[in-house]
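Asker: Once you've had a glance at the structure underneath, I'll fire off some questions.
The values are calculated or read from the model by the stated rules, or taken from the named source; none is laboratory data. Keep in mind that this is a model prediction, so the values were computed, not measured. Methodologically, a virtual Cβ is constructed for each residue, glycine included, from the backbone with ideal geometry; neighbour enumeration extends over all protein chains shown. All accessible areas refer to the heavy atoms of the entire protein, side chains included, with ligands and DNA or RNA removed. Shrake-Rupley method; radii C 1.70, N 1.55, O 1.52, S 1.80 Å.
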Amino acid sequence: MNARNPETKFGRAVRGLWQLDPNGVFLNHGSFGACPTEVQAAQDAIRRRMEAQPDVFFRREIQPDNPASTIRAAAARIAKLVGCSGDDLAFVENATSGVQAAMNSIDFKPGDRILVTDHGYNAVRLMVEARCRETGAEPLVVAIPVPTTPDGAAQRIADAVTPAVRLAIVDHITSPTGIVLPLDRIVPSLRRHGALVFVDGAHGVGQVALDLPAIGADWYVSNAHKWLFAPKGSAFLYASKEAAARTRPIVVSHYVESGFPRSFDYVGTRDNSSWLAVPAAIDFFERLGPAALHAYQAQLIDKATELMASVGAEPIASRDMSAAMRSFLLDWKGEATRETARAFLGRLWDEERIQVAAMAFEGRMLLRVSAQAYVDEEDLVRLRDVMARKGRTGA
Ligand SMILES: Cc1ncc(COP(=O)(O)O)c(C=O)c1O
């Protein structure tokens, strides 16, 4: 890492630490993350250890009742970063699995409502619908029209919640719209009505500083493979002490009686190397320097906002609602649909070698820019130039 000159610590100076295609502009860290080479190497070493002596690895090293379990040690390391104890965290494959585990742990009854917002992740919405079909509960979708502000978003949720809401699932940082929701106001307003609260923080860890107990939710899930630089397939589920007592893994296996979190640690034979590589990812993140990284990301987001304004694209929410991602409504001709968004994205990569996130939201075309350490202002200028040509019709 080029840390000699803090001015050149990010952007082009560090891009070589990732395996990203050198011929592309990569502005979509938010969807799948990008794992640095050194963290991949740490994962490879773990896999070699696993394959060198599978019995020792599975029967000893990672057993939940082994006081020296490397899974528990990795959980303790990530817990330190998010203000809780390792015993409050279980590793899961991804945010999707964490939401499902919590939802399966609640015995919903007919008449119960599950509150979500229209900024939530599509798979989570589908999961809620499926759980409602199984139990007779009903979804309650709260609309947060855009452009929005922290007051506007918090008020919409406070106005919608009723005592029938058994569970509320609220994003910390929303997926398509990339906005940081004001949890300090939303969580207490849900609690007042007795709702269980699940925070979908898929984009949280690494993008914003976290103190999980202080958020006051029952559960918080976050992907380490997005903004913390861990390998794909590493996420954690936090449960408060009360929620932990009811939280069960999706798959029942040998340690199901051990309770949360150990019942999640060993669920049959699987490749746990991405979880065990989380400490290497945290080392990388801490060496980049979270404060300097977040300041650099904020600078990039400001630059992106200025450049996007020059092509008529308007931010979807006030500046205090973005961290390292910001979404813009393009000056798009006609109605945007899932298909046009997909075609637009395809052309951006195939013809321009720019990867960004684009989706239809309320019939408008939304572009989400992710600012990561390896992004350079030059990349944003290139995006602006391409949007000046393609940003109205995609062609
Ligand atoms: C808010 C939110 N929830 C859940 C997910 C799902 O994450 P994963 O695919 O890792 O399960 C995402 C993915 O981007 C997301 O943005």
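Asker: Would you say ALA130 is surrounded by fewer than 19 Cβ atoms within 10 Å (Cβ to Cβ), closer than 25 Å to LEU196 by Cα and either of a type in the set (A, V, I, L, M) or within 16 Å of the ligand (Cβ to nearest atom) (or both)? Write out each step before concluding.
Answerer: Working: surrounded by fewer than 19 Cβ atoms within 10 Å (Cβ to Cβ): yes; closer than 25 Å to LEU196 by Cα: yes; either of a type in the set (A, V, I, L, M) or within 16 Å of the ligand (Cβ to nearest atom) (or both): yes.
Yes: the conditions hold for ALA130.
Asker: Might you check whether a residue that is touching a residue at least 24 places away in the same chain (Cβ under 8 Å) and within 23 Å of GLY178 (Cβ to Cβ) occurs anywhere in the range 276-284?
Answerer: Within the range 276-284, the subset touching a residue at least 24 places away in the same chain (Cβ under 8 Å) is 276-282, 284.
Among the residues that remain, those that are also within 23 Å of GLY178 (Cβ to Cβ) are: 281.
Yes, the conditions are met somewhere in the range 276-284.
Asker: Select from the range 10-28 the residues that are outside any loop (DSSP other than H, G, I, E, B) and in contact with a Lys or Arg (Cβ under 7 Å, 6 or more places away or on another chain) and list them in ascending order.
Answerer: Here is the first cut: in the range 10-28, the ones outside any loop (DSSP other than H, G, I, E, B) are 12-15, 25-26.
Passing the criteria: only VAL25.
Asker: Moving on. Has the range 52-59 got any residue that is modelled with pLDDT of 95 or more and within 15 Å of the ligand (Cβ to nearest atom)?
Answerer: Taking the range 52-59 first, the residues modelled with pLDDT of 95 or more are 52-59.
From what's left, within 15 Å of the ligand (Cβ to nearest atom): none.
Scanning the range 52-59, I find no residue that is modelled with pLDDT of 95 or more and within 15 Å of the ligand (Cβ to nearest atom), so the answer is no.
Asker: The conditions are (1) in contact with a strand residue (DSSP E or B) (Cβ under 7 Å, 6 or more places away or on another chain); (2) open to solvent by less than 20 Å² (accessible area, probe 1.4 Å); (3) among the polar types (S, T, N, Q), and ASN94 fails exactly one of them. Which is it?
Answerer: All conditions are met except number (2).
Asker: Quick one: would you say THR269 is open to solvent by 10 Å² or more (accessible area, probe 1.4 Å), in contact (Cβ under 8 Å) with a residue 12 or more places away in the chain and not in a helix (DSSP H, G or I)?
Answerer: Working: open to solvent by 10 Å² or more (accessible area, probe 1.4 Å): yes; in contact (Cβ under 8 Å) with a residue 12 or more places away in the chain: yes; not in a helix (DSSP H, G or I): yes.
Yes.
Asker: In the range 30-70, what count of residues is obtained for those that are over 30 Å from ALA323 (Cα atoms) and part of a helix (DSSP H, G or I)?
Answerer: Within the range 30-70, the first condition is being over 30 Å from ALA323 (Cα atoms), and the residues that meet it are 44-70.
Right, trim to part of a helix (DSSP H, G or I) and you get 44-52, 54-61, 70.
Of the residues in the range 30-70, 18 are over 30 Å from ALA323 (Cα atoms) and part of a helix (DSSP H, G or I).
Asker: Name every residue in the range 238-266 that is among the β-branched types (Val, Ile, Thr) and in contact (Cβ under 8 Å) with a residue 60 or more places away in the chain, in order of residue number.
Answerer: The initial filter retains those residues of the range 238-266 that are among the β-branched types (Val, Ile, Thr), namely 247, 250-252, 256.
If the condition is that a residue be among the β-branched types (Val, Ile, Thr) and in contact (Cβ under 8 Å) with a residue 60 or more places away in the chain, then THR247, ILE250 are the ones that fit.
Asker: Hey, another quick one. Identify all residues within the range 92-116 that are away from the ligand (no atom under 13 Å from the Cβ) and more than 12 Å from ARG248 (Cβ to Cβ); write none if there are none.
Answerer: Answer for the range 92-116, where residues must be away from the ligand (no atom under 13 Å from the Cβ) and more than 12 Å from ARG248 (Cβ to Cβ): PHE108, LYS109, PRO110, GLY111, ASP112, ARG113, ILE114, LEU115.
Asker: With respect to ILE144, is the statement that it is within 27 Å of GLY259 (Cβ to Cβ) and either at pLDDT 95 or above or charged (D, E, K, R) (or both) true? So that I can check it myself, show each step before the final result.
Answerer: Details: within 27 Å of GLY259 (Cβ to Cβ): no; either at pLDDT 95 or above or charged (D, E, K, R) (or both): yes.
Taking the combined requirement at face value, the residue does not satisfy it.
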